[in-house]
Amino acid sequence: MNYRSLLVPGELALKRLSLVRIFLISALCVASISFSSAQVDEGEPLEKFILQAEDQLRITFPGAPELDADIQVRRDGVISVPIVGEVVAAGKTPSELESFLADKFENQLVSNEVMVTVVESHFTYYLEGEVMSPGIIRSFRQLSVLEAIIAAGGINKVTGKMKSVVVIRRQGDKYQHFELDLAAVIDGKKDGAFVLESYDIVSIPQRVW
């Protein structure tokens, strides 16, 4: 959400911005919602749904509806598709998988149009540090860092520091670190949403006096 889009000319704009800022700070500090190292903007990386193991997919063929199927991504990231056999789905976006399957069916069907719909997905995140309820968060959709912090009960308003929140992401046998200034997002100085990937670790540092 772009908080700056809430601004309107004149004194009313200042009042609205103040209300938005108060609301966000309150939500992050006290809200409890049921969901389930480079310095970067909260808007990086851009939101992109990545297929993963155990996702439930519906694959439809407008030109050959007899091939329509509900398929679950196996734990090894592979799906079994009629006619073409096994295909790696994990790590692709739904549109990338659509294009890949369309190429596979180019010589098999009169119309090779393919549609991939995610019916159900599960995401797991780990939060540690100065949040009210550190631990594991499970969600049926991808969350931004801010949403994950709220889902963990918000930050500890006495000891938590939003200026240097760290996201740790495993890439193969290595870990990638992102440092986020979420205080600037709340202040309206930055916009966009840093979208988490499953199994990301979010660490909220302790305020230093």
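Readers should treat all values here as calculations from the given coordinates under stated rules, not as data from a laboratory. Just so you know, these numbers come straight off a predicted model, no measurement behind them. Neighbour counts are summed over all protein chains in view; Cβ atoms, including those assigned to glycine, are modelled from backbone coordinates with ideal geometry.
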Which of the pairs 92/161; 157/190; 92/190; 92/174; 161/190 have their Cα atoms more than 27 Å apart in this structure?
92/161; 92/190
May I ask you to list the residues of the stretch 88-127 whose amide nitrogen lies under 18 Å from a point 7 Å from Cα along the Cα→beta-carbon direction of residue 140?
117-125
Which residues qualify? For residue 92, with a placed amide H closer than 5 Å and at least 5 residues away or on another chain, they are 51
Full-extension gain in nm, residue 68 to residue 118, via 0.36 nm per residue minus C-alpha separation
16.6 nm
Can you sort 174, 163 from fewest to most other Cβ atoms within 10 Å of each residue's own Cβ?
174, 163
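Pick out, in residue order, every one of the GluC sites (Glu not before Pro) in the stretch 99-167 that is DSSP loop and has at most 11 other C-beta atoms within 10 Å; say none if there are none.
106
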For every other residue with a beta carbon closer than 14 angstrom to the beta carbon of residue 54, add +1 if it is Lys or Arg and -1 if Asp or Glu, then tell me the sum.
-1
Residue 109/residue 168 FRET efficiency (R0 41 Å; Cβ-Cβ; nearest 0.05)
0.40
Pop out the ³J(HN,Hα) list for the stretch 180-190 in order, Karplus 6.51 cos²θ - 1.76 cosθ + 1.60 with θ = phi - 60°, rounded to Hz; leave Gly and Pro as x.
10, 9, 6, 4, 5, 5, 5, 6, x, 7, 9
Around residue 55, which amide H atoms from residues at least 5 apart in sequence, or from another chain, sit under 5 Å from its own amide H, with H modelled in the peptide plane?
73
